[in-house]
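What follows is a single structure, written as structure tokens, with notes after it.
The values are calculated or read from the model by the stated rules, or taken from the named source; none is laboratory data. Since this is a predicted model, take the numbers as computed values, not measurements. Cβ coordinates were reconstructed from backbone atoms using ideal geometry, including for glycine residues, and neighbour counts include every protein chain displayed.
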Amino acid sequence: MNNQEIYNAMQIKLGLELPPMPEFVPGIRRAPSRGFNLTRSQTETALKNALRYVPEELHATLAPEFMRELLTHGRIYAYRYRPEGRIYGRDIDSYQGNCIEGKAFQVMIDNNLDFEIALYPYELVTYGETGQVCQNWLQYQLIKQYLEIMTQEQTLVVESGHPLGLFPSKPEAPRVIITNALMVGMFDNQLDWEVATAMGVANYGQMTAGGWMYIGPQGIVHGTFNTLLTAGRLKLGVPADGDLRGKLFVSSGLGGMSGAQPKAVEIANGVGIIAEVDESRIRSRFDQGWVSKICTSAAEAFSIAREYMNNQQSISIAFYGNIVDLLQYAVDNNIHVDLLSDQTSCHAVYNGGYCPQGVSFAQRGEMLAHERERFHVEVDRSLRIHFQLIKNLAERGTYFFDYGNSFMKAVFDAGVKEISRNGIDEKDGFIFPSYVEDIMGPELFDYGYGPFRWVCLSGREEDLLKTDQAAMSCIDPNRRGQDRDNYNWIRDAQKNKLVVGTKARILYQDAEGRKNIALKFNAMVRNKEIGPVMLGRDHHDVSGTDSPFRETANIKDGSNVMADMAVQCFAGNAARGMSLVALHNGGGVGIGKAINGGFGLVLDGSERIDEVIKSAMLWDVMGGVARRSWARNHNSMVVSMDFNKNYAGVGHITMPFIPEENLIKATVSQALEKK
Ligand SMILES: NC(=O)c1ccc[n+]([C@@H]2O[C@H](COP(=O)([O-])OP(=O)(O)OC[C@H]3O[C@@H](n4cnc5c(N)ncnc54)[C@H](O)[C@@H]3O)[C@@H](O)[C@H]2O)c1
């Protein structure tokens with residue numbers, strides 16, 4: 001078989017013409033080199049892997065170019081295949097397609113790659129240092145072509161960014177099924193993943209990057225707002241209807257997700273200081289109005305914070321510098337911090353996610369490219385100091401919580417055994433709680449509250465306004481404290497100017513809330529009150545993610561090491577007809593540490609979609625509630641009991657009996673004594 005025959009055998013393919021090398025717009029953030037560590041034979045395979053996307057006529061030109069990319073960036077991105085200029089999520093009608101879903105997914109992909117949204121748009125990284133839409137621009141071009149021709153009788157299969165092909169299917173099936181970095185157990189570790197990704201066979205989809213459902217930092221603001229408010233209530237004595245007035249929150253990171261922190265603390269009426277080493281990220285957040293003040297000295301930052309706290313006013317301050325230096329100042333000057341966290345990208349701690357103290361952001365890039373071992377040593381040194389400072393502050397009354405970025409695991413790996421509960425390994429967890437363990441898990445996920453979101457595909461502001469109003473009308477603010485927070489959130493959403501990129505909204509809701517809002521929106525599409533809507537959620541949710549250090553940190557029956565829930569959630573969503581389903585390894589905590597999945601559902605106004613909503617939206621949440629209930633989580637048991645009553649004859653959840661604690665203790669003691 002020769003290449004001419006292969007070329008003739010495909011209708012969907014990249015053409016014979018060599019695209020011009022696009023101009024790199026100055027000022028757009030670029031990913032650091034990921035390092036080049038392949039063996040000679042792996043390098044040859046990597047090169048062949050990239051060239052299999054392009055016709056033979058271009059091989060001689062592209063082989064040396066791709067080889068250069070691999071050596072200098074540690075990856076082949078095929079920059080030449082990136083479309084020139086700005087990519088952004090446009091109005092759905094401006095896309096080509098044979099079905100509404102094909103056009104809708106193009107909006108979502110382009111939004112994930114928007115200069116204003118993506119962390120490293122040229123390297124297809126949406127957020128979280130390494131979370132990519134797909135691996136390279138060759139895949140992007142092909143995916144686009146497939147989405148343009150796909151009909152409702154076909155399903156597109158995307159494996160780690162690679163569009164495997166379009167396969168005959170049916171309207172009730174998902175239009176796209178995505179998997180990312182699902183590695184076989186024995187190879188499910190960082191080192192093997194790095195080789196696989198450099199060879200062009202694994203994509204780190206993180207969560208909504210590879211699931212094409214990222215909606216900019218707004219997506220995370222609501223969760224951060226809920227977390228901070230709930231932490232205030234649980235740990236600082238803030239009353240149920242109160243807020244964070246007069247309280248100080250300190251953290252780090254103004255990146256993709258972490259950039260939500262200043263906005264969230266301001267909405268909660270508190271005072272926040274967020275350290276960030278990359279000036280360009282501070283600039284972006286400041287220009288977007290997501291952070292209100294920039295300080296280059298810790299003294300100035302804390303003094304402004306004090307003034308605002310005294311006046312019971314809210315403000316968010318970006319500290320341009322290392323979080324370790326900021327905390328050192330607080331410790332040395334006996335400054336009281338109420339809430340403390342960290343949102344550096346510790347899930348990719350040695351790949352540039354964490355900038356060591358004493359190393360500037362520019363030096364970080366240089367060291368990553370040329371002195372990786374030294375960088376590793378510097379990261380460990382900095383993490384050890386970082387831990388000591390947190391410990392000091394915690395001893396003085398600060399409530400520190402891990403923000404699901406693998407910070408505590410990174411500290412442990414840096415040699416600090418005392419951060420683990422048993423002082424030996426991570427099996428019993430860490431001495432500080434993770435935000436899910438203490439706050440989000442019991443108070444939100446166990447009830448089914450999670451990051452439901454939607455995108456108005458028309459791109460019209462008025463559609464977003466109408467959907468906000470419609471969603472608000474579905475919430476009873478007097479049912480629970482969480483409902484009141486969610487009601488206030490959506491009531492003030494327009495005022496808080498949360499949109500970056502497509503006209504999107506995030507709104508934490510439980511199973512019934514999500515289902516009712518979705519049905520209402522679909523009816524509005526049917527009545528032509530609004531254009532089509534894309535529904536989805538963050539993978540960081542009730543059922544979508546199994547991650548023992550994060551989403552499932554409050555599962556205590558030993559099943560937190562299992563990934564059954566996330567896989568069942570994905571499969572169940574596919575079976576019930578979600579438009580897009582995605583399942584990934586890694587997520588926000590790193591390869592081998594989580595399995596996470598998400599969905600997309602295009603509301604076209606049809607009655608068929610009403611039926612999908614009724615079964616799939618409910619399953620997408622209740623599958624996780626049922627599992628959490630089986631793990632004996634009290635709030636989930638309450639919701640499951642209601643479900644069994646309300647859905648009698650239609651659905652049913654197996655619930656756990658709870659034995660007397662004394663019976664268990666006595667039985668185990670007696671048996672072990674005899675042994
Ligand atoms: N926000 C959330 O709700 C949430 C939830 C779960 C997990 N996370 C985790 O939070 C982490 C951050 O996510 P992201 O999308 O913002 O990543 P990101 O890489 O876009 O941003 C992290 C930021 O931290 C900065 N930084 C690194 N080291 C620093 C240091 N020592 N001092 C000050 N700044 C430093 C980086 O310059 C970068 O801008 C990830 O590990 C993610 O998984 C966030």
Pairs returned, first residue in segment 392-407 that is within 15 Å of Y435 (Cβ to Cβ) and touching a residue at least 60 places away in the same chain (Cβ under 8 Å), second residue that is surrounded by 24 or more Cβ atoms within 10 Å (Cβ to Cβ) and of a type in the set (D, E), beta-carbon separation under 8 angstrom, 6 or more apart or interchain, are D402/D342; Y403/D342; G404/E551; N405/D342; F407/D342
Check H540 against each of (1) assigned to a loop (DSSP other than H, G, I, E, B); (2) over 30 Å from Y204 (Cβ atoms) and name the one condition it does not meet. (2)
Scan segment 93-102 and tell me whether some residue there is within 30 Å of S345 (Cβ to Cβ) and away from the ligand (no atom under 16 Å from the Cβ). no
Taking L327 as meeting all but one of (1) surrounded by fewer than 16 Cβ atoms within 10 Å (Cβ to Cβ); (2) within 16 Å of the ligand (Cβ to nearest atom); (3) assigned to a helix (DSSP H, G or I), write down the number of the exception. (1)
In the list L142, L147, which residue meets the criterion of being more than 16 Å from the ligand (Cβ to nearest atom), in contact (Cβ under 8 Å) with a residue 24 or more places away in the chain and touching a helix residue (DSSP H, G or I) at 6+ places or on another chain (Cβ under 9 Å)? L147
Does segment 481-496 include one or more residues that are part of a loop (DSSP other than H, G, I, E, B) and either crowded, with 19+ Cβ neighbours inside 10 Å or of a type in the set (A, V, I, L, M) (or both)? yes
Here are D342, D332: which of them is over 27 Å from the mean Cα position of the chain (by Cα) and either under 29 Å from G501 (Cβ atoms) or not hydroxyl-bearing (S, T, Y) (or both)? D332
Given the residues A240, A275, A298, which is the only one that is at pLDDT below 95, touching a helix residue (DSSP H, G or I) at 6+ places or on another chain (Cβ under 9 Å) and not polar (S, T, N, Q)? A240
Within segment 370-423, residues modelled with pLDDT under 95, closer than 20 Å to P356 by Cβ, more than 16 Å from the ligand (Cβ to nearest atom) and outside any helix (DSSP H, G or I) come out as E371
Within segment 305-323, is there a residue that is of a type in the set (G, A, S), at pLDDT below 95 and outside any helix (DSSP H, G or I)? no
Verdict on L444 being surrounded by 22 or more Cβ atoms within 10 Å (Cβ to Cβ) and of a type in the set (A, V, I, L, M, F, W, C): yes
What number of residues within segment 75-107 satisfy the criterion of being more than 30 Å from E194 (Cβ to Cβ) and among the basic types (K, R)? 3
Can you list the helices (runs of 4 or more DSSP H) found entirely within segment 183-295 that contain at least 1 residues being over 25 Å from Q482 (Cβ atoms)? 190-198, 279-287
Which of the residues belonging to segment 194-244 are over 30 Å from R52 (Cβ atoms) and among the small types (G, A, S)? G216, G219, G223, A231, G232, G237, A240, G242
Within segment 64-91, the residues that are β-branched (V, I, T), closer than 30 Å to S41 by Cβ and part of a loop (DSSP other than H, G, I, E, B) are I76
Among residues of segment 374-391, those that are without any contact (Cβ under 8 Å) to a residue 40 or more places away in the chain, farther than 26 Å from S547 by Cα and either surrounded by 20 or more Cβ atoms within 10 Å (Cβ to Cβ) or among the hydrophobic types (A, V, I, L, M, F, W, C) (or both), counted: 3
Test of understanding: among S341, S284, S345, S280, which residue is in contact with a Lys or Arg (Cβ under 6 Å, 6 or more places away or on another chain) and within 12 Å of the ligand (Cβ to nearest atom)? S280
So which of G97, G89, G102, G131 ends up being among the small types (G, A, S) and either at pLDDT below 95 or closer than 19 Å to V25 by Cα (or both)? G89
Any hit, segment 153-169, residues being free of Cβ contacts under 8 Å to residues at least 60 places away in the same chain, surrounded by 17 or more Cβ atoms within 10 Å (Cβ to Cβ) and over 23 Å from F570 (Cα atoms): no
Of all residues in segment 500-527, count the ones that are outside any helix (DSSP H, G or I) and surrounded by fewer than 18 Cβ atoms within 10 Å (Cβ to Cβ). 1
Would you check if R460 is in contact with a Phe, Trp or Tyr (Cβ under 8 Å, 6 or more places away or on another chain) and within 26 Å of D110 (Cα to Cα)? no
Would you check if S284 is in contact with a Ser or Thr (Cβ under 7 Å, 6 or more places away or on another chain) and farther than 30 Å from N478 by Cα? no
Picked from segment 240-291 (must be among the basic types (K, R) and over 19 Å from the mean Cα position of the chain (by Cα)), the residue farthest from N311 (Cα to Cα) is R283
Of all residues in segment 553-572, which are part of a loop (DSSP other than H, G, I, E, B) and either free of Cβ contacts under 8 Å to residues at least 60 places away in the same chain or more than 14 Å from the ligand (Cβ to nearest atom) (or both)? N554, I555, K556, D557, G558, M562, A563
